[in-house]
Amino acid sequence: MYKLLLAIVLSVFMFQDNPTMSWRHGYRLQWSDFEGAPERLNNVVAVTASGISFSFSSKTSETKLLDYNFTVKADFYPQESWCLKDRVTANILNHERLHFDITELYARKFRQRIKNTTFTLNISRQMEQLHDAINEELEIMQNAYDAETKHSQNIEKQKEWQAKIILQLNNLAYYGS
């Protein structure tokens with residue numbers, strides 16, 4: 001007899017009840033997408049809240065995994081993202097856009113890892129481990145991006161990061177949304 005397992009693990013950010021925008025090719029975030037209430041935090045002008053959500057279903061027998069399907073999305077959370085409208089610039093918007101692009105890059109890496117993994121009856125645990133690992137890597141990349149660009153202040157580093165992320169997205173286009 002077959003069992004159907006449905007597991008849904010949403011983003012590392014716990015914004016499931018709030019609206020989300022999924023990353024899609026050709027759409028660039030606008031300041032109007034940043035709907036959250038601004039916070040006065042030191043010199044912070046804008047915050048992009050984004051994360052990776054995924055779901056999967058599997059079909060198993062008593063002894064083996066028969067089949068599975070999955071969905072992985074890079075999500076932007078408009079109500080958790082904010083900006084100080086009187087201080088924003090085009091450069092800061094490009095910086096925030098790249099945060100979302102980095103989230104999509106790691107969603108692609110997650111899809112790639114899922115496709116390259118041989119799952120067992122323990123698919124739930126294996127998926128959770130992949131998700132945890134990709135989120136750790138995503139956080140490290142986001143922090144490195146902010147540190148190296150000085151949160152958009154270093155224009156040359158910002159340009160380097162944009163070129164680097166575009167190249168990586170293109171290299172993983174097969175795993176795109």
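The values are calculated or read from the model by the stated rules, or taken from the named source; none is laboratory data. What you see is a predicted model; the values in this text were computed from it and never measured. Counting neighbours? That spans all protein chains shown, and the Cβs are built from the backbone with ideal geometry, glycine included.
In region 77-89, the residues that are of a type in the set (A, V, I, L, M) form Cβ pairs under 8 Å with partners that are part of a strand (DSSP E or B), at six or more places apart or across chains, as follows: 84/46; 88/46.
Within region 130-160, the residues that satisfy the criterion of being polar (S, T, N, Q) and exposed (fewer than 13 other Cβ atoms within 10 Å of the Cβ) are 143, 153. Do we have residue 45 as surrounded by fewer than 18 Cβ atoms within 10 Å (Cβ to Cβ) and either farther than 18 Å from residue 99 by Cα or modelled with pLDDT under 95 (or both) here? Here the answer is no, as residue 45 does not meet what is asked. I'm trying to understand the selection: among the residues of region 59-91, which are farther than 14 Å from residue 130 by Cα and under 19 Å from the mean Cα position of the chain (by Cα)? Result: 73, 74, 75, 76, 77, 78, 79, 80, 81, 82. Somewhere in region 48-66, is a residue farther than 22 Å from residue 149 by Cβ, free of Cβ contacts under 8 Å to residues at least 40 places away in the same chain and of a type outside the set (S, T, N, Q)? Looking through region 48-66, none of the residues is farther than 22 Å from residue 149 by Cβ, free of Cβ contacts under 8 Å to residues at least 40 places away in the same chain and of a type outside the set (S, T, N, Q). For region 104-150, the set of residues classified as β-branched (Val, Ile, Thr), touching a residue at least 12 places away in the same chain (Cβ under 8 Å) and not in a helix (DSSP H, G or I) consists of 117, 120, listed by residue number. Picking from residues in region 92-147 that are touching a strand residue (DSSP E or B) at 6+ places or on another chain (Cβ under 8 Å) and of a type in the set (Ser, Thr, Tyr), the one that is farthest from residue 73 (Cα to Cα) is 120. Of the residues that make up region 23-36, is at least one in contact with a strand residue (DSSP E or B) (Cβ under 7 Å, 6 or more places away or on another chain) and in a strand (DSSP E or B)? No - not one qualifying residue is present in region 23-36. For residue 165, the conditions (1) at pLDDT 95 or above; (2) part of a loop (DSSP other than H, G, I, E, B) all hold with the exception of (2). Considering region 58-78, and only residues there that are among the polar types (S, T, N, Q) and crowded, with 17+ Cβ neighbours inside 10 Å, the residue that is nearest to residue 105 (Cα to Cα) turns out to be 58.
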